[in-house]
Amino acid sequence: MVAQKGKDLLLKVDSDGLGAFTTVAGMRTRNLAFNAESVDVTDAESAGQWRELLTGGGIKSARVAGGGIFKDAASDESVRGLFFNGTIRDWQVIVPDFGTVQGMMQITALEFAGNHDGEVTYDLALESAGALTFTAA
């Protein structure tokens, strides 16, 4: 993957639960991280006392974080409603020239901030809540 503009990484949510994905408004920063826990299966007979790991074991997860401004009341209300209701919804993270990661996620953090001479900003975090799919670009 060659260098890409950060603004081209998009975060979309199925806002109505019917498959209509909309871009989360005004995101200025975004981050996608994949995690895989390891399962240690080392025993007294492990070669040279080196740790051994179980292939394919452990829990996989993904975390998405981002922040920006809400450009309209509808996007603010949508995200706020998903958070306060604890709704698990289908989300898409589109990485340019790489592909799309899609799956069920829950908003686990929602923060608002603002300076006296600026706009109100938000930060949010999503955690995967099931299997994710990847579709190459």
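The values are calculated or read from the model by the stated rules, or taken from the named source; none is laboratory data. If you're wondering where the values come from, they're calculated on a predicted model, not measured in any experiment. As a convention, Cβ positions derive from the backbone with ideal geometry for all residues, glycine included, and neighbour counts pool all protein chains shown.
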Legend entry - Looking only at the range 93-116, and only at residues there that are in a loop (DSSP other than H, G, I, E, B) and in contact (Cβ under 8 Å) with a residue 12 or more places away in the chain, the one that is nearest to Phe70 (Cα to Cα): Pro96
Legend entry - Sole exception among (1) at pLDDT below 85; (2) not in a helix (DSSP H, G or I) for Thr42, by number: (1)
Legend entry - Scope the range 64-92; condition part of a loop (DSSP other than H, G, I, E, B), at pLDDT 90 or above and hydrophobic (A, V, I, L, M, F, W, C); matching residues: none
Legend entry - Residues satisfying the stated conditions in the range 96-115, i.e. surrounded by 12 or more Cβ atoms within 10 Å (Cβ to Cβ), farther than 14 Å from Ala125 by Cβ and in contact with a strand residue (DSSP E or B) (Cβ under 7 Å, 6 or more places away or on another chain): Gly99, Thr100, Val101, Gln102, Gly103, Met104
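Listed here are the residues, each with its yes/no results for (1) surrounded by fewer than 17 Cβ atoms within 10 Å (Cβ to Cβ); (2) without any contact (Cβ under 8 Å) to a residue 24 or more places away in the chain; (3) out of contact with any His (no Cβ under 9 Å at 6 or more places or on another chain).
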| position | (1), (2), (3) |
| --- | --- |
| Ala20 | yes, yes, yes |
| Ala33 | yes, no, yes |
| Asp40 | yes, yes, yes |
| Trp50 | yes, yes, yes |
| Ser75 | no, no, yes |
| Trp91 | no, no, yes |
Inset, instruction - Would you check which residues across the range 52-61 are loosely packed, with under 12 Cβ neighbours inside 10 Å and either in contact (Cβ under 8 Å) with a residue 12 or more places away in the chain or not in a loop (DSSP other than H, G, I, E, B) (or both) and list them? - result: Leu54, Ile59
Legend entry - Qualifying residue in the range 38-55 (condition: closer than 22 Å to Thr108 by Cα and in contact with a Ser or Thr (Cβ under 9 Å, 6 or more places away or on another chain)): no
Inset, instruction - Starting from the range 117-137, keep only residues that are free of Cβ contacts under 8 Å to residues at least 60 places away in the same chain and in a strand (DSSP E or B), then list their pairs with residues that are surrounded by 17 or more Cβ atoms within 10 Å (Cβ to Cβ) and acidic (Asp, Glu) whose Cβ atoms are within a distance under 9 Å, requiring at least 6 positions of separation or different chains. - result: Tyr122/Asp76
